[in-house]
1. Take the residues in the range 241-262 that are modelled with pLDDT of 95 or more and either in contact with a strand residue (DSSP E or B) (Cβ under 8 Å, 6 or more places away or on another chain) or outside any helix (DSSP H, G or I) (or both), then tell me which one is farthest from residue 1 (Cα to Cα).
2. For the range 252-262, what are the residues that are in contact (Cβ under 8 Å) with a residue 40 or more places away in the chain and out of contact with any helix residue (DSSP H, G or I) (no Cβ under 7 Å at 6 or more places or on another chain)?
3. Look at residue 71 and say whether it is touching a helix residue (DSSP H, G or I) at 6+ places or on another chain (Cβ under 8 Å) and within 13 Å of residue 120 (Cβ to Cβ).
4. Would you be able to say whether some residue in the range 74-88 is farther than 22 Å from residue 272 by Cβ, touching a helix residue (DSSP H, G or I) at 6+ places or on another chain (Cβ under 9 Å) and crowded, with 23+ Cβ neighbours inside 10 Å?
5. From 202, 151, which residue is part of a helix (DSSP H, G or I), at pLDDT 95 or above and within 17 Å of the chain's Cα centre (by Cα)?
6. Here are some conditions: (1) surrounded by fewer than 15 Cβ atoms within 10 Å (Cβ to Cβ); (2) part of a loop (DSSP other than H, G, I, E, B); (3) free of Cβ contacts under 8 Å to residues at least 60 places away in the same chain. Residue 26 meets all but one. Which one does it not meet?
7. Go through the range 109-148 and count every residue that is in a loop (DSSP other than H, G, I, E, B) and without any contact (Cβ under 8 Å) to a residue 12 or more places away in the chain.
8. Looking at the structure I just gave you, is residue 47 touching a residue at least 24 places away in the same chain (Cβ under 8 Å), more than 20 Å from the chain's Cα centre (by Cα) and either surrounded by 21 or more Cβ atoms within 10 Å (Cβ to Cβ) or in a loop (DSSP other than H, G, I, E, B) (or both)?
């Protein structure tokens, strides 16, 4: 794991996503917050929403939905009990315990209907590709949510020619595997091969799974290339802090460079049909 304190310049933020790097951005927390904003916009967050934030990490995004979008209530889902406890302490310190709660669960085991039957929007910032099965997560949302529930998430996607067509929302056991280099990089980054879906197949895959109004915005340059440029600027500092995950952060940037011709990032927006 990479210590959030290594990434964030101040002790007040603990973002851990790859960031959205506009040309003039050099501060990691600013880039990370911008990526969350893009995901919130993809989910069309608005005042009064009840939001589920899946894989919420250390909780910065939870507060962001309240302060930047004015949502009424947020439920964060985080699989690590220690991280969940840390997030609850932060929520109390922010004075937002009446509007934000955290449930310790994985994306696949979280019971949406039981915990948040009135959810109007679901978001996930830069984590869906790490789920045991993104397809199972998306299918579970459709099964548990009323028509019109909005979803927004950022995700990795494979460029058209790198993965064969016919991607489905099921585990990818019935089609040819992704190229060896991509599978090699994914394995080292903790990304299941089943989550390597092709960019051009995302709209059809989402529609087949029960979603409507699907839009896919490619943004690999602003995210992947931006994070790699940031890693180059920080490499001296990160290299000397292996215990805090500096080497892991550098390895992530290196892996992204190796597979970048085959890989991009998308922001996906849709509604349960």
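The values are calculated or read from the model by the stated rules, or taken from the named source; none is laboratory data. This structure is a prediction, so every number in the text was calculated from the model and none was measured. Virtual Cβ from ideal backbone geometry, glycine too; neighbours counted across all protein chains shown.
1. Filtering first and then ranking leaves 241.
2. 252, 261
3. For residue 71, the condition - touching a helix residue (DSSP H, G or I) at 6+ places or on another chain (Cβ under 8 Å) and within 13 Å of residue 120 (Cβ to Cβ) - is met.
4. Yes, that holds for at least one residue.
5. Of 202, 151, the one residue that is part of a helix (DSSP H, G or I), at pLDDT 95 or above and within 17 Å of the chain's Cα centre (by Cα) is 202.
6. (3)
7. Number satisfying all stated conditions: 2.
8. Spelling it out, residue 47 is indeed touching a residue at least 24 places away in the same chain (Cβ under 8 Å), more than 20 Å from the chain's Cα centre (by Cα) and either surrounded by 21 or more Cβ atoms within 10 Å (Cβ to Cβ) or in a loop (DSSP other than H, G, I, E, B) (or both).
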